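So the structure is just underneath, and the comments pick up after that.
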Amino acid sequence: MAESISGLDLEQFFQQWIYGSGIPSVDYRIMHKPETDELKVFAICSSPTTTGFVVDFPILLTGSAGSDSLLVMASMDGNVNYYPGIQAFEEVSGNHNNWTLLRGLVEERPVLATATALDAEVRLFWYAWPEAINYKVYYKLDTSSEWSLANSEALSETHFSVQNLQNGQSYAFRIVAIDYEGYHSLPSNSLLATPQHFSFHLPLLVVDETRDGNGNAISPDDAMVDDFYHAALSPYEYVQWDVASQGLPSVTDLAQYRTVLWHADDFSQNLAFEVEEALHSYFLASGNLIFSGWRSAGTFSDQFWQSLSGHNAAIYYDNSACLIGLTSDTYPPLYVDQSKLAAPWNGMLPMINTFETPLPALYYANMPDGFNGTGRQAALQIADHSYFFGFPLYFMEAEGVRDLMQMLMQQINTSSDDPLIPAIGMTLAAHPNPFNPSTKIHFDVPNAGKTTLKLYNMKGQLLKVLADEELKQGKHTLNLELETQASGIYILSLENGGKRMQKRITLMK
């Protein structure tokens, strides 16, 4: 009766809406050929039931020249719709006014995954677009409305570096995909990045992600954790960054330091993934990154691991107590510290990440049979300057961790033009310390010649140049007054003969 009145073939309509069940969803993507004003829309249905849906839905395109309304067909196998004479547009309203009954509607566009800031450069990575053979990369100043094309030649890869940018200036980036017929996708999402000069003028930053606990075995307080790493690193001078009180460091903070040791020994929280891009930038800028944490590895994105290692890292996780110790072909063995474990753990450490990658292994996990990580890589060397541990170093026996840290610091020291440890005979002290508002700085330089003594805050920002001159070999003294500075910890940095030494001083008002 309906067909006879309407004069339409309603077989499909009745099969899906009367005799079938469920409500379909539609995914669609729009591509435009600007030189001929042609439009192509690919639309595909999905169904929560066995009903095979074919639906029509409207799309409203709005631009400076006016609006166009299109009727798009979507099918279970995907349908390609072509439209001539469609001028440029800025806004898209799919299934305008909810004209078609749909459970969900998704407009697909290219996805720009990461924009990693480096020195006068930003590296981009995006996901492959279906049937795309080329990509265009666009960028602009964050405050501008005009986009510029970054690549002059066809780009078939899913990554690109935009160079010759201004450090400290924020830029926006987006991409467009081009298919084999010459159709252009609509622009991707845009990401912001700010190129950053990596000065590496300070030697070592220790980032403490662990919260101040109650002092129990599995919940150490801040002093317990600080003392553990201080013993492991001594005599190397370092600046400490406490995440609980200072928040997470930015790429600007990290860029001051040649080496960053980041430790996350808190079993109930992970925070480093929130500054994944900052860590990514630091690594790509060739900073020395040493990272250890409880289940931290799995919180970073696949793109993070792909970029760091050049491989898709298979990351395993064992939640139950399983780690007995760690073995290495090069480094000292590590054993779980029994005094830091909860009784139900039966002498083993839980929540362990292990890996299966082509990267060199620092350590292999010693676990009972049956666990995912048994015999797998538990710590990795990434490139020739970074190390990642899938377990918290704090819960290993202190002697082994100290031996390991001394070896890693020595490797970093001998491969760097900016040594972490001072030359023999170089000393740096302040008396009194703490002080208010003045103290005497005593320093001894082993070589006659150019000597600098600078004062920094905890973010690595230069506050004062206390000395920058030719000095004779031997002992020197000068006064430091900080009447206008706020209470806190400050860093003295002494450099002489290509060697550098640092000292923490505390202003207490």
Near pairs, Cβ below 9 angstrom, 6+ apart or cross-chain, from the stretch 415-440 (modelled with pLDDT under 70) to any residue that is of a type in the set (Asp, Glu): 415/384; 420/237; 421/237; 422/237; 425/444
Hey, residue 337 hits all of (1) closer than 24 Å to residue 218 by Cα; (2) within 22 Å of the chain's Cα centre (by Cα) but one; which does it fall short on? (2)
Just checking, which of 477, 506 is of a type outside the set (Asp, Glu), in a strand (DSSP E or B) and at pLDDT 90 or above? 477
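Let's see how each residue does on (1) at pLDDT 95 or above; (2) in contact with a strand residue (DSSP E or B) (Cβ under 9 Å, 6 or more places away or on another chain); (3) surrounded by fewer than 18 Cβ atoms within 10 Å (Cβ to Cβ); (4) not aliphatic (A, V, I, L, M):
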| site | (1), (2), (3), (4) |
| --- | --- |
| 310 | no, no, yes, yes |
| 314 | no, yes, yes, no |
| 318 | yes, yes, no, yes |
| 329 | no, yes, yes, yes |
| 336 | yes, yes, no, no |
| 339 | no, no, yes, yes |
| 354 | yes, yes, no, yes |
| 360 | no, yes, yes, yes |
Take the residues of the stretch 368-381 that are in contact with a strand residue (DSSP E or B) (Cβ under 6 Å, 6 or more places away or on another chain) and touching a residue at least 40 places away in the same chain (Cβ under 8 Å): which is surrounded by the fewest Cβ atoms within 10 Å (Cβ to Cβ)? 372
Sort through 27, 68, 9 and tell me the only one that's surrounded by fewer than 16 Cβ atoms within 10 Å (Cβ to Cβ) and charged (D, E, K, R). 9
If you check residue 204 against the conditions, is it among the hydrophobic types (A, V, I, L, M, F, W, C) and buried (at least 19 other Cβ atoms within 10 Å of the Cβ)? yes
Looking at the structure I just gave you, is residue 142 under 30 Å from residue 167 (Cβ atoms), charged (D, E, K, R) and surrounded by fewer than 15 Cβ atoms within 10 Å (Cβ to Cβ)? yes
Among the listed residues 292, 320, which satisfies the condition of being in the same structural domain as residue 382 (by TED's automatic domain parsing), touching a residue at least 40 places away in the same chain (Cβ under 8 Å) and touching a helix residue (DSSP H, G or I) at 6+ places or on another chain (Cβ under 6 Å)? 292
For the stretch 110-138, give me the residue count where each residue is more than 21 Å from the chain's Cα centre (by Cα) and either assigned to a strand (DSSP E or B) or surrounded by fewer than 19 Cβ atoms within 10 Å (Cβ to Cβ) (or both). 9
From 268, 339, grab the single residue that is out of contact with any helix residue (DSSP H, G or I) (no Cβ under 9 Å at 6 or more places or on another chain) and in a helix (DSSP H, G or I). 339
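The values are calculated or read from the model by the stated rules, or taken from the named source; none is laboratory data. Note that the structure is predicted; figures quoted are calculated from it, not measured. Neighbour counts are summed over all protein chains in view; Cβ atoms, including those assigned to glycine, are modelled from backbone coordinates with ideal geometry.
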